[in-house]
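Asker: Would you mind keeping the following structure in view while I ask a few things?
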Amino acid sequence: MTTATNTSKGGWGNLALWKKIFIGMIAGIIVGIVMGPDAELLKPIGTLFINAIKMLIVPLVFCSLIVGVTSMQDTRKMGRIGMKSIVIYLATTAVAISIGLGLGTVLMPGAGLDMSVSAESAAAAKEAPGLVSTLLALIPKNPIEALAGGKILQIIVFALGLGIALNMIGEKAEPAVKLFNSFAEAMYKLTELVMKFAPYGIFALMAWVAGKYGLDVLLPLIKVIAAVYIGCILHVLVVYSGLISTVARLRPVQYLKGIVNAQMMAFTSTSSSGTLPVSMRCAQENLGVSKGISSFVLPLGATINMDGTALYQGVAALFVAQAFGIDLSMADYLTIIATSTLASVGTAGVPGAGLIMLSLVLTTVGLPMEGLAIVAGIDRILDMARTCVNVSGDLMVSVLVGKSENELDESIYNAAEPVSEVQASRESANA
Ligand code: ASP
């Protein structure tokens, strides 16, 4: 660990990955503002990176989950881990949406806004899946189709089943387990390689976003943006850090340091599923969560845990109500909390999913869909913050569950620098 700060040689090549990504992000914003809408030219570089990351998701989740299950053997333990994760996921989501409602009440983002804007994009609202159909759809009729379609929850169910079956057949499972093990290792390596391209991809994506939304678009809605961003920051710094220090009895600073790469990936890609490969690396290499726990808890979280999205819905619902001069009752507030907590289970961690869920929340409490059109205009900006929280939440739960199951290596968690950065600096020092 003493070589942790071995980057004294300086130079781009020796910089830690998160620093490079951060520089890419800031440079992207500057270039985007300077270039304006022309920055769209750079978008393909970002798309290339996002596609490369997406390429990893299905094989990575599938193999590492099987490796996780087969390394666990004890089925009761698995059930316990699943229950714990789901309970914490839902509880923190309910807290998040309450924070959103609180901020929406205090900051009044919709007060005094002229609502005569066209309702064009309200038509884009689709139905969010109901709870029953979500539950029924958990079992893949055809696992190959689930893999091909990237249906994460179905893949989880199939991989769990296969893993348990492998555990049950004992010796006969050895060749298959070995195969999945080595395939999973290869996928981790491939993730590392793809991440080397992250600073450039993220630079391009930020330039595109900053170029597309100039100040003209942002200013009228600045209060909504502020409320969502303040809420997101509070949720990570107060709720997550609080849980890490009180429940897991670990230093929150290490958690915050360890998740930076995943946060930046989430912020720019606006997809928690897309960030999975990076979150898995962060959990294992920076936070010391075992492969068994992280490969189970994180993919699950990427689909069912959306605290940032829920928080945003609280703010957005109040924004719409205020802008249209509609009073909400206590029952409406409770309905919003229940609807968006449950809806978050069935919505995939993909860009813009939260907007679809918002349409569900607005309809349930009888708020006008036209409101959706207005927030839809700045959805990307809000999506960046909420996805960042979604991913931070998944990682927080992996730490909590890992710690409670004795599957968290505290020497890695407490290391001064994330292990992956130590390795990176060693590698570049040796190069
Ligand atoms: N983009 C978010 C995610 O992937 C979902 C959302 O739109 O809120 O987690």
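Asker: Among the residues of segment 283-305, is there at least one that is of a type in the set (S, T, N, Q), touching a helix residue (DSSP H, G or I) at 6+ places or on another chain (Cβ under 7 Å) and within 13 Å of the ligand (Cβ to nearest atom)?
Answerer: Scanning segment 283-305 turns up at least one residue that is of a type in the set (S, T, N, Q), touching a helix residue (DSSP H, G or I) at 6+ places or on another chain (Cβ under 7 Å) and within 13 Å of the ligand (Cβ to nearest atom).
This table checks each residue for (1) surrounded by fewer than 24 Cβ atoms within 10 Å (Cβ to Cβ); (2) within 9 Å of the ligand (Cβ to nearest atom).
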| position | (1), (2) |
| --- | --- |
| Ala331 | yes, no |
| Thr339 | yes, no |
| Gly352 | yes, yes |
| Ile356 | yes, yes |
| Leu372 | no, no |
| Arg380 | yes, no |
| Asn390 | no, yes |
| Leu395 | no, no |
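Asker: Based on this model, can you work out whether Ala91 counts as closer than 30 Å to Val315 by Cβ, part of a helix (DSSP H, G or I) and free of Cβ contacts under 8 Å to residues at least 12 places away in the same chain?
Answerer: Against the criterion (closer than 30 Å to Val315 by Cβ, part of a helix (DSSP H, G or I) and free of Cβ contacts under 8 Å to residues at least 12 places away in the same chain), Ala91 qualifies.
Asker: With the structure loaded, tell me whether Gly36 is in contact (Cβ under 8 Å) with a residue 40 or more places away in the chain, part of a helix (DSSP H, G or I), at positive phi and surrounded by fewer than 21 Cβ atoms within 10 Å (Cβ to Cβ) or whether it fails that test.
Answerer: yes
Asker: Which of the numbered conditions does Gln313 fail, given that it passes all the others? Conditions: (1) more than 16 Å from the ligand (Cβ to nearest atom); (2) within 14 Å of Arg386 (Cα to Cα).
Answerer: The number of the failed condition is (1).
Asker: Taking Asn286, is it of a type in the set (S, T, N, Q), under 14 Å from the mean Cα position of the chain (by Cα) and farther than 18 Å from Met25 by Cβ?
Answerer: no
Read the figures in this text as sums done on the coordinates, not as results from a lab. Quick caveat, the model's predicted, so the values are computed rather than measured. Virtual Cβ from ideal backbone geometry, glycine too; neighbours counted across all protein chains shown.
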